[in-house]
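See structure below.
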Amino acid sequence: MEYRIEELATASGVRVDTIRFYQGKGLLPPPRRAGRVALYDDAHRERLARIRSLLREGLPLALIKRVLDELPGEPAPEPLLRALAHAQVGERSFSRAELAAEAGLPEALVAAAQAAGLIEPIRVGDEERFGEADLEMARAGLAILGVGFPLHELLALAVEHAQGTRAVAERAIELFDRHVRRPGGPPQDPEAVTAAFRALLPQVTRLVAFFFQRTLVSRALSRLHGRGEDRALAEALAATESARLEVAWR
């Protein structure tokens with residue numbers, strides 16, 4: 001069956017501008033053209049239903065696109081998707097205004113962090129929602145700002161860090177796909193893959209956090225030593241001996 005865009009919107013329960021938005025993001029294939037008329041078919045309607053289902057699970061659009069592109073005609077690993085969604089969002093989600101209020105930040109600053117790619121909302125229908133991880137990052141950022149860092153310099157450093165982190169994360173995902181999810185063949189049992197993901201994620205989080213802390217402290221101590229600031233060095237060493245990084249994972 002073929003549909004004009006208004007008919008597809010009615011049949012799928014999705015607004016016309018949302019369909020166009022999904023097309024622009026590459027989640028929905030382009031329609032067939034009959035002259036100046038765009039015609040959609042049942043495959044488009046089914047894909048829209050799949051997108052809506054994954055959005056209800058809490059997945060961000062970028063991950064949904066990856067899932068749909070990787071698994072054409074193949075059932076997606078639902079338990080893993082639910083685990084990813086929970087890791088992304090947590091138990092609660094917030095609008096941008098709610099996130100700003102919970103974190104004690106001006107909404108304009110949250111918008112700036114979003115524009116810089118430091119926090120990434122999921123899209124639930126036509127609404128953007130932020131997760132608990134975004135809230136924790138916003139609170140941490142506010143605490144760092146409170147020490148006296150200039151906002152523009154802190155944002156620039158955060159963007160640089162985010163870019164490097166994304167590149168490493170993509171390579172880590174590829175490793176997981178090759179050696180855990182698809183080791184030399186078709187995908188493994190979804191429940192086993194999900195269990196592996198749940199076990200790995202907190203350990204990877206701890207590894208990254210501890211490595212960053214160790215590197216930061218090591219470089220700071222090296223700089224103090226190089227400047228001959230012996231008293232500051234002694235105080236810093238005493239502080240690092242008593243400090244203990246806490247990495248909580250829900």
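Some observations on this one:
- Residues in the stretch 213-233 that are without any contact (Cβ under 8 Å) to a residue 24 or more places away in the chain, out of contact with any helix residue (DSSP H, G or I) (no Cβ under 9 Å at 6 or more places or on another chain), assigned to a helix (DSSP H, G or I) and not charged (D, E, K, R): THR215, LEU216, SER218, SER222, GLY226.
- Matching residues in the stretch 207-233 - criterion: being small (Gly, Ala, Ser) and more than 24 Å from ALA169 (Cβ to Cβ): ALA220, SER222, GLY226, GLY228, ALA232
- Residue check, ALA232 of a type in the set (Gly, Ala, Ser), over 26 Å from MET137 (Cα atoms), at pLDDT below 90 and loosely packed, with under 13 Cβ neighbours inside 10 Å: no
- Matching residues in the stretch 1-59 - criterion: being closer than 30 Å to ALA83 by Cβ, β-branched (Val, Ile, Thr) and in a helix (DSSP H, G or I): THR18, ILE19, ILE51
- Set side by side, the residues ARG198, ARG219, ARG166, ARG214 differ, and just one is basic (Lys, Arg) and surrounded by 13 or more Cβ atoms within 10 Å (Cβ to Cβ), which is ARG198.
- Flag for PHE197 being in a helix (DSSP H, G or I), in the same structural domain as HIS161 (by TED's automatic domain parsing) and aromatic (Phe, Trp, Tyr): no
- Boolean, ALA103 is modelled with pLDDT of 90 or more and outside the structural domain of ASP134 (by TED's automatic domain parsing): no
- Listed by first and then second residue, the pairs with beta-carbon distance under 7 Å, at least 6 apart or on different chains, first residue in the stretch 16-33 and closer than 15 Å to PRO60 by Cα, second at pLDDT 90 or above and not in a helix (DSSP H, G or I), are TYR22/LEU28.
- With respect to (1) outside the structural domain of ILE119 (by TED's automatic domain parsing); (2) on the phi > 0 side of the Ramachandran plot; (3) not hydroxyl-bearing (Ser, Thr, Tyr), the lone exception for GLY184 is condition (1).
The values are calculated or read from the model by the stated rules, or taken from the named source; none is laboratory data. All of these numbers come straight from a predicted model, not from anything done at the bench. For neighbour counting, all protein chains shown are included, and Cβ atoms are generated from backbone atoms with ideal geometry for every residue, glycine included.
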